[in-house]
Amino acid sequence: WTPPAPCPGPSGAAPTMAAEPQSAEEVVRGFNDLREQVNQIYQKINELEMQNTEHKLVLTTIGKMEKERKCYRLVGGVLVERTVGEVIPAVERNKEGLTELVKKLTEQLELKKKEMDDYQKKYNIRIKGESSSSSEAKKEASSSGEGGQGILVATS
């Protein structure tokens, strides 16, 4: 699995922090792109953690069996007959690989979240429903009657 590539900007090139957005819409679009990338990484981490849990369950179950006992393993969509003794090391290797991948994705997630926070601070982006320190934002949220809708508000 490779991390999601940044969405191309209007010129076809990937958006970068160096290229300054020209309008409020571009700022919001860039922020939404970062949020989408963070969500994709979260989803992939959750998927891999579920697979890791399944591997643990398999190892717990077959670890109690005799090593010569017949078992079946799905490899690339093909069911293969092996012995428990042959399958355990392969499942352990897969589990270790999943664990390592989750660690790397978690590091990427933290970097992407930091990038998103920096972008949000740089362009003073507020999300309606989030707590903010300015009384102006609190007045605006209370007078509109729309609390917690997750609406982006770009301020200049």
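The values are calculated or read from the model by the stated rules, or taken from the named source; none is laboratory data. Remember, it's a predicted structure, so these values are computed and weren't measured experimentally. To get the accessible areas, we keep the full protein, side chains included, count just its heavy atoms, and leave off ligands, DNA and RNA. Shrake-Rupley method; radii C 1.70, N 1.55, O 1.52, S 1.80 Å.
Report, to one decimal in Å, the Kirkwood hydrodynamic radius for region 46-116 based on all distinct Cα pairs.
One over the average 1/r among Cα pairs gives 13.7 Å for region 46-116.
Leaving out ligands, DNA and RNA but keeping every protein chain, what accessible area does Lys70 have, in Å² rounded to the nearest 10, with a 1.4 Å probe?
That residue has around 120 Å² of solvent-accessible surface.
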